[in-house]
1. Can you tell me how many residues within region 32-55 are surrounded by 12 or more Cβ atoms within 10 Å (Cβ to Cβ) and not in a helix (DSSP H, G or I)?
2. Residue by residue through region 58-74, note down the ones that are in a helix (DSSP H, G or I) and surrounded by fewer than 11 Cβ atoms within 10 Å (Cβ to Cβ).
3. Considering only residues that are loosely packed, with under 10 Cβ neighbours inside 10 Å and in a loop (DSSP other than H, G, I, E, B), which ones fall in region 75-86?
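Values in this text are rule-based calculations from the coordinates and carry no lab data. Because the structure is predicted, anything quoted here is derived from the model rather than measured. Please note: Cβ atoms are built from the backbone with ideal geometry, for glycine as well, and neighbour counts cover all protein chains shown.
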């Protein structure tokens, strides 16, 4: 029985070579799912990985300790920082 279209979904069309589509269909069948679900879930996993990589800052253990040290013991503002702060409006 065909499933009813989800009212919260949007259509997205893709053009792929026939060999690529055949491979995707085969993989979807091996996972016991339909092509739409297989492609969507695979693309979402990749999207999450790309977003996480872009939003994550990786530092060495040494740099991590230095950052923590600076956060706990803030350096005194130098002349350039004081000048920049003076140029800020009273309220942001």
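1. Here the count works out to 2.
2. Filtering region 58-74 for residues in a helix (DSSP H, G or I) gives 61-72.
Scanning region 58-74 gives 61, 62, 68, 69, 70, 71, 72.
3. Here is the first cut: in region 75-86, the ones loosely packed, with under 10 Cβ neighbours inside 10 Å are 75-76, 78-80, 85-86.
Passing the criteria: 75, 76, 78.
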